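Participant: Structure in structure tokens, see below.
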Amino acid sequence: QHARNILESHEKMLEELKTPEIIKGNIRLAMSSSVCNRYFKDDFLNFRKQFPDIHLVVLESGTEQMFDMLRKNEVDLIFTLDSHIYDSEFIICAEHKEEVHFIAATEHPLLQRNELLLKEICSEDFVLTESNMSYRKLLNHELATQSLEILPILEIGNPLQICSLIENSKMISFLPDFITEDAYRNGYIKHLPIADCDVSVWTQLLIHKNKWCSPALNAFIDFYREVIGK
């Protein structure tokens with residue numbers, strides 16, 4: 001009977017955790033500035049309307065630092081923007097493959113070409129994110145496989161600032177489409193037709209396999225799983 005009482009109390013506790021009257025709590029996230037720019041605008045405002053009692057703390061970091069914080073339980077979950085990551089130590093809650101392109105202002109002379117090779121643009125004036133940041137790191141790896149190197153005239157962490165600089169100059173850059181979509185749609189920039197650069201970039205939302213998920217954390221994961229899947 002004592003064992004049955006323990007099991008019944010356990011089941012009741014789990015049921016209460018699943019359906020709290022008010023979902024509230026604190027969530028600690030780690031992500032890159034690029035991901036923050038994408039998912040913490042209108043999407044966050046919608047999340048806030050649904051869950052006004054959930055408090056979020058966002059830490060911007062590189063991919064390796066994110067996983068280190070996740071292992072140490074310094075954050076509850078992470079948004080990565082990097083190569084596709086799979087590790088049995090972590091659970092992928094949601095993921096989406098991102099398109100990424102070299103970009104230039106609409107009137108850039110290189111856009112007169114129907115096709116370009118990576119080696120033909122390496123001497124151009126580049127503005128890039130820091131070398132250890134996600135898609136820049138993947139670009140550097142692709143360059144290394146072809147024994148090439150790009151020496152940017154400016155390295156800066158804010159991808160929106162990079163996009164703005166490209167719109168008004170003859171410099172070029174390498175950014176995910178979700179960063180540049182407004183400028184591309186409005187005709188301020190275009191994609192350079194690079195034929196030999198195969199870089200795959202993924203957005204992934206991950207937690208540690210041993211992480212206990214509070215109702216607040218489950219609510220966040222369910223909400224952004226739907227957002228990322230769109």
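Participant: With respect to Glu124, is the statement that it is farther than 25 Å from Cys213 by Cα, over 20 Å from the mean Cα position of the chain (by Cα), open to solvent by 30 Å² or more (accessible area, probe 1.4 Å) and without any contact (Cβ under 8 Å) to a residue 40 or more places away in the chain true?
Facilitator: no
Participant: Shifting gears a bit: Restricting region 138-174 to residues that are among the hydroxyl-bearing types (Ser, Thr, Tyr) and in contact (Cβ under 8 Å) with a residue 60 or more places away in the chain, which is farthest from Lys190 (Cα to Cα)?
Facilitator: Across region 138-174, the extreme among qualifying residues is Ser169.
Participant: Are any residues in region 68-93 in contact with a His (Cβ under 9 Å, 6 or more places away or on another chain), open to solvent by 20 Å² or more (accessible area, probe 1.4 Å) and either on the phi > 0 side of the Ramachandran plot or not β-branched (Val, Ile, Thr) (or both), and if so, which ones?
Facilitator: Within region 68-93, Arg71, Asn73, Ser83, Glu89 qualify.
Participant: Here's a follow-up. Considering (1) of a type in the set (A, V, I, L, M); (2) within 23 Å of Thr180 (Cα to Cα); (3) touching a residue at least 60 places away in the same chain (Cβ under 8 Å), say which one Ile27 fails and leave the rest.
Facilitator: Result: Ile27 fails condition (2) only.
Participant: So, one more: Tell me yes or no: at least one residue of region 104-119 is modelled with pLDDT of 95 or more and more than 29 Å from Asn186 (Cβ to Cβ).
Facilitator: Yes: one or more hits.
Participant: Separate question: Scanning region 19-38 for residues that are open to solvent by 10 Å² or more (accessible area, probe 1.4 Å) and within 30 Å of Ile162 (Cβ to Cβ), which turns out modelled with the highest pLDDT?
Facilitator: The residue in question is Arg28.
Participant: Go through Tyr135, Tyr184 for me and flag whichever is open to solvent by 70 Å² or more (accessible area, probe 1.4 Å), in a helix (DSSP H, G or I) and in contact (Cβ under 8 Å) with a residue 12 or more places away in the chain.
Facilitator: Just a single option satisfies the conditions, and that option is Tyr184.
The values are calculated or read from the model by the stated rules, or taken from the named source; none is laboratory data. The shown structure was predicted, so the numbers you read here are calculated from the model rather than taken from an experiment. Using ideal geometry, Cβ is built from the backbone for each residue, glycine included, and neighbour counts are taken over all protein chains shown. Accessible surface is based on the protein model in full, side chains and every heavy atom, while ligands, DNA and RNA are left aside. Shrake-Rupley method; radii C 1.70, N 1.55, O 1.52, S 1.80 Å.
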